[in-house]
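Okay, so here's the structure we're looking at.
The values are calculated or read from the model by the stated rules, or taken from the named source; none is laboratory data. Computed from a predicted structure; not experimentally measured. Don't worry about glycine lacking a Cβ; one is built from the backbone with ideal geometry, like all the others, and counts go over all protein chains shown.
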Ligand code: NAD
């Protein structure tokens with residue numbers, strides 16, 4: 001199976017490359033990424049054909065698509081606040097970009113397109129857990145673009161017989177996820193702060209819940225879908241119905257570090273949803289073999305990665321100018 005992964009130099013993409021390299025059915029991996037948030041460093045040392053370019057560049061996309069059996073489409077402007085600031089660019093990358101990928105795949109005779117949508121499409125809908133057939137109500141250009149991408153995936157399946165599968169990811173976390181930008185996800189922020197002996201910042205009272213999904217579990221589902229050519233006319237939630245509040249995440253982190261983690265509280269952020277939890281019946285029906293990594297195991301691997309990164313940062317500073325980043329725990 002010859003894979004194209006768009007956005008393969010990003011957080012989930014680089015983890016997918018690593019997992020796909022261990023998958024016997026995968027013979028060859030190509031990545032198309034414009035390196036806007038991803039980086040070459042994420043793929044360093046991995047046997048992958050990395051092509052720098054945008055999915056909005058028709059020529060580069062067509063070349064990247066040539067000879068591929070399966071496309072995993074992850075490329076996106078992945079920041080919700082970024083999309084609020086730049087709605088036209090977000091629409092370009094997330095909606096038009098997805099249409100371009102589907103059309104290029106159809107022209108090239110690709111067997112299947114698996115694509116990343118998001119739980120953000122549920123937006124203002126307060127139902128819990130979130131069922132795929134419940135109403136969607138995007139609250140940001142990001143979510144609107146993801147919903148458009150899902151709709152095009154269904155339309156390409158119905159109109160052209162292209163096998164598509166849109167996954168709604170929830171809160172994916174794991175090694176390689178950045179902590180160092182203003183809208184970084186909560187787990188890398190917590191782990192980085194705790195390891196550096198800084199207080200973790202909780203927005204609100206910490207009782208908000210998320211359906212955290214370890215990145216290797218996401219990759220296992222995607223690769224199982226590719227291996228067995230699983231497709232579906234509607235989007236599928238990719239999370240396991242584990243509703244965890246931030247205090248429980250911190251308790252787990254303290255257990256792993258073997259010491260308490262200091263908390264500081266900040267006002268709730270506008271637009272943050274209080275609770276998020278996937279109905280996972282459809283996922284379990286389509287992927288009965290996949291089991292989810294526990295939060296304890298996923299967090300342990302994430303902590304190990306952050307520790308290794310901090311050690312590397314100390315190493316690369318020339319002797320005599322040794323910058324010491326304290327790594328506690
Ligand atoms: P990421 O920002 O690390 O990865 C996105 C990748 O796409 C980056 O490498 C970026 O350089 C690339 N990219 C952006 N625009 C591009 C373009 N026009 N052409 C080519 N490449 C482009 O984000 P991630 O967390 O790895 O997310 C991967 C996918 O999963 C995205 O589609 C995102 O919307 C979706 N998703 C992620 C989460 C999560 O919790 N991380 C949740 C819901 C959905």
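Structure above, values below:
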| read-out | value |
| --- | --- |
| Residue count, the stretch 248-268 (criterion: in contact with a strand residue (DSSP E or B) (Cβ under 8 Å, 6 or more places away or on another chain) and assigned to a loop (DSSP other than H, G, I, E, B)) | 4 |
| Helices (runs of 4 or more DSSP H) contained entirely in the stretch 46-152, each with at least 2 residues that are touching a residue at least 12 places away in the same chain (Cβ under 8 Å) and under 21 Å from residue 31 (Cα atoms) | 58-65, 97-108 |
| Selection from the stretch 264-273 of residues that are surrounded by 13 or more Cβ atoms within 10 Å (Cβ to Cβ) and within 22 Å of residue 213 (Cα to Cα) | 273 |
| Of the criteria (1) within 14 Å of the ligand (Cβ to nearest atom); (2) part of a helix (DSSP H, G or I); (3) in contact (Cβ under 8 Å) with a residue 24 or more places away in the chain, which one residue 168 fails | (2) |
| Some residue of the stretch 124-139 being near the ligand (Cβ under 9 Å from one of its atoms) and buried (at least 19 other Cβ atoms within 10 Å of the Cβ) | no |
| Restricting the stretch 36-70 to residues that are closer than 20 Å to residue 117 by Cβ and within 16 Å of the chain's Cα centre (by Cα), the residue that is nearest to the ligand (Cβ to nearest atom) | 38 |
| Some residue of the stretch 19-33 being within 14 Å of the ligand (Cβ to nearest atom), in a helix (DSSP H, G or I) and surrounded by fewer than 20 Cβ atoms within 10 Å (Cβ to Cβ) | yes |
| Flag for residue 101 being modelled with pLDDT of 95 or more, more than 10 Å from the ligand (Cβ to nearest atom) and surrounded by 18 or more Cβ atoms within 10 Å (Cβ to Cβ) | no |
| Answer residue from the stretch 1-15, given it is near the ligand (Cβ under 10 Å from one of its atoms) and in a loop (DSSP other than H, G, I, E, B) and is surrounded by the most Cβ atoms within 10 Å (Cβ to Cβ) among those | 8 |
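Yes/no per residue for (1) more than 21 Å from residue 100 (Cβ to Cβ); (2) buried (at least 19 other Cβ atoms within 10 Å of the Cβ):
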{"site": "143", "(1), (2)": "no, yes"}
{"site": "156", "(1), (2)": "no, yes"}
{"site": "160", "(1), (2)": "no, no"}
{"site": "164", "(1), (2)": "no, yes"}
{"site": "177", "(1), (2)": "yes, yes"}
{"site": "186", "(1), (2)": "yes, yes"}
{"site": "196", "(1), (2)": "yes, no"}
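For (1) surrounded by fewer than 13 Cβ atoms within 10 Å (Cβ to Cβ); (2) within 30 Å of residue 159 (Cβ to Cβ); (3) at pLDDT 95 or above, each residue gets a yes or a no:
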{"position": "237", "(1), (2), (3)": "no, yes, yes"}
{"position": "244", "(1), (2), (3)": "no, no, yes"}
{"position": "248", "(1), (2), (3)": "no, no, yes"}
{"position": "252", "(1), (2), (3)": "no, no, yes"}
{"position": "258", "(1), (2), (3)": "yes, no, yes"}
{"position": "262", "(1), (2), (3)": "yes, no, yes"}
{"position": "276", "(1), (2), (3)": "no, no, no"}
{"position": "281", "(1), (2), (3)": "no, yes, yes"}
{"position": "294", "(1), (2), (3)": "no, no, yes"}
